[in-house]
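Working notes, beginning with the structure itself.
The values are calculated or read from the model by the stated rules, or taken from the named source; none is laboratory data. Just so it is clear, the structure is predicted and the values come from calculations on it, not from any experiment. With ideal geometry, Cβ positions are generated from the backbone for all residues, glycine too; neighbour counts draw on all protein chains shown.
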Amino acid sequence: MTEATAPITQDVLTLPRKPPEGGRTNLVGLTRDQLRDALVAAGTPERQAKMRVGQIWQWIYHWGVRDFAQMTNLAKDYRAFLAERFEIAVPEVVTRQVSDDGTRKYLLRIAGGHEVETVYIPEETRGTLCISSQVGCTLTCSFCHTGTQKLVRNLTAAEIVGQVMVARDDLGEWPVQGAPKDETRLVSNVVLMGMGEPLYNFENVRDAMKVVMDGEGISLSRRRITLSTSGVVPEIARAAEEIGCLLAVSFHATTDEVRDRLVPINKRWNIAALLAALRDYPRLSNSERITFEYVMLKGVNDSDADARRLVRLIQGIPAKINLIPFNEWPGSPYERSDWERIEAFADIIYKAGYASPIRTPRGEDIMAACGQLKSATERERKSRAQIEAEARGS
């Protein structure tokens, strides 16, 4: 089922963090220190800046306010001062699709007319928001539809945080002033598993997650945030120290020969180098365990031998293995493993002492499942033949 896009609370535009000369600075995505510096540079007295940061922060990230005029604990003239110099801008919703299973996919327009996709997945005990970190992707993983879209640019911290804010708008999750406190969280978890490789946009992802994790705003615990990487080895320890969220690794193969083909970054940092970096992550980030993402591809990586080899490779790493039935897309060169094969693979891992949940595909009817994200305009520009040619690497 597809629903027409409805306006989401405010009519807003997205501008880069550094606006053109004479333009207004977007406050979304600024860390507390950056927000303080911006206020002081604009003329806020330094002795007031810390208090003003706290007030503005709560209005933007706790109450979801986009209009300075509504910030009623600030003096009227100061609100006018802010409105002249700053804005509170999030990405524009181009389309909003709702799957038969309740999954929501948003196509969002950002600065420069570019588009990214964000997916909300409701479950019984939680709601997970899958957000993007780049327009397109540089990794060209051969099983991933997003990887067939060339990298255009990194998202700003504002555009990353803005995806969370747009979803909360659509879900009506901002608290209502004067209403009884409601602890229900519709967006209870965030996963950086959308378009792009988060560790190739490290600073913006780090700053955005600082905003999302701040206890006086959106207030998601670092244990509710999972960053997924394909294996940018030099940034893994840095992510542990500067972000500290949970880590997922797009592993997908148990030999360098197969992983080179599925996840080309493996040619730069092979399985041995990746595992060496992962062994320290739980200690450095105080995380309980690493999640290994493993897409199940028929006849490629789904044998009993692969399962046993996987167990041997990750020995000594606190881990869980997420088995992902392959989500097909137009022109894909792979097929999903048979269900019996996936269950047999999971059983070998489980008997070795590792959790091995099989992920239920969600949102396939709206191309919102894992590995299917790709901006609609990019899809429309290409014929099926072009998509198939890119998938073959020709």
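Scanning segment 45-71 for residues that are closer than 21 Å to Ala179 by Cβ and part of a loop (DSSP other than H, G, I, E, B) turns up Trp63, Gly64, Val65, Arg66, Asp67, Met71. Considering only residues of segment 208-233 that are touching a Phe, Trp or Tyr at 6+ places or on another chain (Cβ under 8 Å) and assigned to a helix (DSSP H, G or I), which is surrounded by the most Cβ atoms within 10 Å (Cβ to Cβ)? Among those residues, the one meeting the criterion is Val211. Residues of segment 100-124 that are in contact (Cβ under 8 Å) with a residue 40 or more places away in the chain and exposed (fewer than 13 other Cβ atoms within 10 Å of the Cβ): Asp100, Gly112. The single condition from (1) touching a residue at least 60 places away in the same chain (Cβ under 8 Å); (2) farther than 26 Å from Ser221 by Cα that Trp269 fails is (1).
Quick check, is Val295 surrounded by 15 or more Cβ atoms within 10 Å (Cβ to Cβ) and under 21 Å from the mean Cα position of the chain (by Cα)? When the stated conditions are applied, Val295 passes them.
Of everything in segment 72-90, what is part of a loop (DSSP other than H, G, I, E, B) and more than 18 Å from Gly172 (Cβ to Cβ)? Give them in sequence order. Talk me through it step by step, then tell me what you get.
Going through segment 72-90, the residues part of a loop (DSSP other than H, G, I, E, B) turn out to be 72-75, 88-90.
Matches in segment 72-90: Thr72, Asn73, Leu74, Ala75, Ile88, Ala89.
Of the listed requirements (1) crowded, with 17+ Cβ neighbours inside 10 Å; (2) in contact (Cβ under 8 Å) with a residue 40 or more places away in the chain; (3) within 24 Å of the chain's Cα centre (by Cα), Ser356 misses just one: (2).
Select from segment 38-67 the residues that are among the charged types (D, E, K, R), in contact with a helix residue (DSSP H, G or I) (Cβ under 9 Å, 6 or more places away or on another chain) and exposed (fewer than 15 other Cβ atoms within 10 Å of the Cβ) and list them in ascending order. Matches in segment 38-67: Glu46, Lys50, Asp67. Residues in segment 68-96 that are buried (at least 17 other Cβ atoms within 10 Å of the Cβ) and polar (S, T, N, Q): 1 in all. Annotation note: of Val135, Val152, Val191, the sole residue that is buried (at least 16 other Cβ atoms within 10 Å of the Cβ) and either at pLDDT below 80 or over 15 Å from Glu115 (Cβ atoms) (or both) is Val191. Checking each residue in segment 164-204 for being more than 20 Å from Ser221 (Cα to Cα) and part of a loop (DSSP other than H, G, I, E, B) picks out Gly172, Val176, Gln177, Gly178, Ala179, Pro180, Met195, Gly196, Glu197. Take Gly172 and decide whether it is of a type in the set (Gly, Ala, Ser), buried (at least 19 other Cβ atoms within 10 Å of the Cβ) and either at pLDDT 95 or above or more than 16 Å from Cys130 (Cα to Cα) (or both). Considered against the rule, which asks whether it is of a type in the set (Gly, Ala, Ser), buried (at least 19 other Cβ atoms within 10 Å of the Cβ) and either at pLDDT 95 or above or more than 16 Å from Cys130 (Cα to Cα) (or both), Gly172 comes out as no.
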